[in-house]
Amino acid sequence: MTATDTKNSYHHGDLHASLLKAATAIIAEAGVEGLSMRKLADRVGVSRTAPYHHFRDKQALLSELAISGFREFTTEVDSIAANDQLDAGAKLEAFVRFYLKFAMGQPEVYNLMFGQSIWKSGEPSQHLIEEGHAAFRRFVELVEQWQLEGTIPSGCEPLRYAQVAWSSLHGLCRLAIDGIYADASSVDAVSDTLIQLLRQQLGAGAEPV
């Protein structure tokens, strides 16, 4: 990248996206600990101060990576929900498989989205909080839709169902990412069982809350 290219990219706002892309690559290679504003600037080929025009510090950069992850996640969930070629049951299955694929395909970003490094140890931005909560509300809406269409039992209150279902998905992803009791070779089989449980057992016989 030439100095002119860098200047033009910065002027047109492309540098922001380039920094996020490079930061994602760095944490995939070396983890969050391997990311620094200096390394990021060197990777993109800009001055050491350029990233600070877009992110206050590393913590702000990590929050922005998590926000991007939530946006990507929600976009795909919306796509699944709007796919008229899938019946309700197929949409539920697609959601489960997408969730697992998303988490295991980019575990470092997933960890930022749901891990302690931002939510407890750090300072999540208000924008990140809003994006994270919006993603969960979207899932609750899907649960309500699936109940109306008879894909999952209607006896369980949608919010509680969503909390338990999301916890099950998150737990499976954590075990697989950490290599505890589950790994990539068993994810498909475990996914099949989880889908069956979500459709037939989670809300079976449950009383409204």
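Structure notes:
- One decimal place: the segment A30-D84 gains 15.4 nm when fully extended, by the rule 0.36 nm per residue minus the C-alpha distance.
- Taken one residue at a time, the phi angles of region 77-91 give Karplus couplings (6.51, -1.76, 1.60, θ = phi - 60°) of 4, 4, 5, 4, 5, 8, 6, 6, 7, 10, 7, 4, x, 5, 5 Hz. Gly and Pro are set to x.
- Computed over the chain, the quotient of the alpha carbon radius of gyration and 2.2 N^0.38 Å is 1.17.
- Under 28 Å from the Cα of K91 - lysines, other chains or at least 8 residues apart: K101
- Extending 7 Å from the Cα toward the beta-carbon at both S47 and I180 defines two label points whose distance is 4.6 nm.
- Estimated at the nearest 10 Å², the accessible area of D42 is 90 Å² with a 1.4 Å probe.
- Sorted into 10 angstrom bins from 0, the C-alpha pair distances of region 144-193 split as 24, 40, 27, 10 percent.
- Of the two radii for region 97-145, the radius of gyration is 1.03 times the Kirkwood radius, both from the alpha carbons; that is the Rg over Rh value.
- Across region 127-132, computed HN-Hα scalar couplings (Karplus, 6.51 cos²θ - 1.76 cosθ + 1.60, θ = phi - 60°) run 5, 5, 4, 5, 5, x Hz from first to last residue, x flagging Gly and Pro.
- Gaussian network model of the chain, springs between alpha carbon atoms under 10 Å - residue of A28, A50, A17 with greatest fluctuation: A17
- Taken over the alpha carbons of region 6-107 as equal point scatterers, the Debye sum produces base-10 log I(q)/I(0) values at 0.12, 0.19, 0.21 Å⁻¹ of -0.51, -0.90, -1.01.
- Fully extended contour minus Cα-Cα distance, from K21 to T75, at 0.36 nm per residue: 17.7 nm
- Stretchable slack from M104 to H127, in nm (0.36 nm times residue separation minus alpha-carbon distance): 5.8 nm
- Loop-exposed trypsin sites (Lys or Arg not before Pro) per DSSP, neighbour cap 15 Cβ within 10 angstrom, longest uninterrupted part of the chain: 121-209
The values are calculated or read from the model by the stated rules, or taken from the named source; none is laboratory data. Note that the coordinates shown come from a computational prediction; the quantities given were computed from them, not determined experimentally. Note that we place each Cβ from the backbone using ideal geometry, even for glycine, and neighbour counts take in every protein chain shown. The accessibility values were calculated without ligands, DNA or RNA, using every heavy atom of the protein model including side chains. Shrake-Rupley method; radii C 1.70, N 1.55, O 1.52, S 1.80 Å.
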